[in-house]
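What follows draws every value from the coordinates through simple rules; no lab data is involved. Because the structure is predicted, anything quoted here is derived from the model rather than measured. Here the Cβ is made from the backbone with ideal geometry for all residues, glycine too, and neighbour counts use every protein chain on show.
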Amino acid sequence: MFAIASLVFASSAVQSVPIKLDVDATDIGRNIIRVVEELPATDLVRFPKWMPGDHAPDGPLRNAIMFHAFADGKEIKWRRDGVDLYDIHLDIPQGAQRLRLEFIDGEAIGDVATSLLGRIKWGHAIFLPKGPVDRIPVRVTLKVPTGWQAFDSLPFKRMGDTLQFEDTNAERLIDSPVMMGKYAASYPAGEGHELDIVGDDPKNVAISPETVSGMKNIVDETLAVWGAKHYNSYKWLLTVSNFGAFDGLEHNECSEDGVGADGIMGGLTNSGLADLLCHEYTHSWNGKYRRPAGLSTPDYATPQQGELLWVYEGMTQYWGYILPARAGFWNAEHLHDVIAADAARLAIKDGRKWKSTADTAVAASIDRHPSAPWALATRGQDYYQEGVLLWVGIDATLRRLTNGQKNLNDFCHLFGGGQNTGPEIVSYTREDIVRLLNQVAPYDWAGYIQKMVYDVHPTPTTEGLEMAGWRLVFNSTPGPVGGHFYDLGMDVGSDGMINDMLIGSAADQAKVAPGMKILTVNNKPFSDGNLNDAVTAGMKPGNPIVLEVVKDDVVSVVRIDYTGGLKYAHLEAIPGATDYLSQIATPVVKHDNPK
Ligand SMILES: [Zn+2]
């Protein structure tokens, strides 16, 4: 079933008088954003809760502080709902016309701003009346710190330090965050596309002409995947700072991207930033334009259902790896290492013995927390990386079934192409995905997706990778993907801290616990080298790995009996198989490789 919700302000608006929102961000460097909001009188306002792209009911309600409400100029009482804390009841006198809200969006240190740059996430700075959010008109001004530059996909006029935005509706406003900063630069990346950067230091916003030309490659390659676009213009809003405003959040006409200063050094060559920029850009189609039915909600109070995140995030994760390769930023070795790292981490997870990938998507809102315990057993956000293994198999199989005539680009043309349009939302179901795949090439797609995503799949999900001509291997050849997960069964930081542990592993049998810090290894001080030596020495029977560890000020000794030697993950070409992965990574559009 298709539901089309136009983001263009509809004539059948439930509310015709716009919300007037005046935001003062001149103190954003101190994490204080002052809001004055005027709207037609109503006895209930809601703080946005299910924020699009967060996949969780995590709108930062705690940030809304110093809240006061006024009806026709006179202060009135308010009361928080006892069940839904995001709802605020207002004691509106009969006949009152205008409601004014005054509050502070008090942000946590480093979340959206540093002393020299910041973001306005409109969903943190507005209360909404009931009703479909694309039918609530808004008229917005923003005052920025003197001398700071500002960027937004929503057009605005600047008068001094005040920005007056084009009239819009609440959904489009919240999908159009502002990025601003003292040090800023803007790089055009082909018709209507722009990489905008703010940083804590002038040198953080400077990128090379080669990187700029590479951004054009990303645009060309991404447009070749989809065949049409659904935005008027597109901006990457990138913050580069060692102090905060890290981000990765998709919007229809822009994305909020944020990295530390190291993240942009060396440009995008074999970098995680190339993945981030391609991932968030892909979301303009996969997630914002085409949206799972369960995530296409009329407002931010309605709970979102994450089941189809294996498409929304899973296929996006896949393109986040393939597009940097096609655009010339990633070489084959880097692509293989990134996929090997994901496949290996997924392969060893004990959680795959009890829950499906689909369940990680359904449970996204509770498992997204970065410090959630026992992430290997809950599987965390596996629908991202499992998506890479799923969609590489679909891409390879489409190529095999059609003798190289069709591939995943053809599916994406059907799924998210068509005519160029402005921002729109078109919802879809699991059945739509299967139907469109069959339209490209008939196959048991329903069965493949059932097995890879919906069934509990205790063995590694490497079928898709093998369809593309490659397999995951673990051996003692040093590589970037090690860290003692694949041998001892524990994740050891460079400081000796054991961050996580696999249930059923050699480390588990030795009663290792997350939170232990290794002090000594076979009576030598802890170091990566000494631990590696001990694992290698342990291959000879009778040489257990003896660790002195401390946790909660209790020092103890654990003996790990493990004889398997060091294990690193690699991708290895399957002899005699067609190398579809290399075909997939080949540019579709002719261009020079960026340096
Ligand atoms: Zn994403």
Cα long-axis angle, helix 332-348 against the chain (0 to 90 degrees, to the nearest 10): 80 degrees
Residues residue 563 and residue 43, FRET efficiency given R0 of 60 Å [Cβ-Cβ distance, rounded to 0.05]: 0.30
For segment 36-152: Kirkwood Rh in Å [reciprocal of mean 1/r, alpha carbons]: 15.7 Å
Amide H within-cut-off set for residue 111, under 5 Å, with H built and near neighbours excluded: 245
Segment 273-336 versus segment 387-439: alpha-carbon centroid distance in Å: 13 Å
Tally of Lys pairs whose C-alpha atoms are under 20 Å apart, taken over segment 470-574, 8 or more apart or cross-chain: 5
Percent of C-alpha pairs per 20 Å bin, the chain, short to long: 19, 49, 28, 4, 0
Paired Rg and Dmax values of segment 189-238, which use every Cα atom, in angstrom: 12.3, 38
Cα-based radius of gyration of segment 313-397 once divided by 2.2 N^0.38 Å, which approximates compact folds: 1.14
HN-Hα J in Hz across segment 70-75 - Karplus 6.51, -1.76, 1.60, θ = phi - 60°, x for Gly and Pro: 9, 10, 6, x, 10, 5
Contour minus Cα-Cα distance for residue 374 and residue 78 (0.36 nm per residue): 102.5 nm
Folded to 0 to 90 degrees: helix 272-282 orientation relative to the chain principal axis, Cα: 50 degrees
Residues whose placed amide H lies under 5 Å from that of residue 19, excluding near-sequence neighbours: 138, 139
Residues of type lysines that residue 235 reaches as a straight line, Cα spacing below 28 Å, ignoring anything fewer than 8 places off in the same chain: 20, 49, 121, 143, 157, 182, 203, 216, 288, 590, 595
Additional length obtainable on full extension of the chain from residue 592 to residue 431, 0.36 nm per residue less Cα span: 54.0 nm
Rounded to 5, the percent of DSSP beta bridges in the chain classed as antiparallel: 80 percent
Acute angle (nearest 10 degrees) that the helix 430-440 long axis makes with the longest principal axis of the chain, alpha-carbon atoms: 70 degrees
MRE, 222 nm, helices only [DSSP H, n ≥ 4, -39500 (n - 2.57), over the chain, to nearest 500]: -7000 deg cm²/dmol
Residue-span extension gain [residue 553 to residue 503] - 0.36 nm each, minus C-alpha spacing: 15.6 nm
Distance from segment 162-237 to segment 69-129 (C-alpha centre basis), Å: 29 Å
FRET efficiency, 1/(1 + (r/R0)^6) with R0 41 Å, evaluated for residue 401 and residue 70 via beta carbons: 0.05
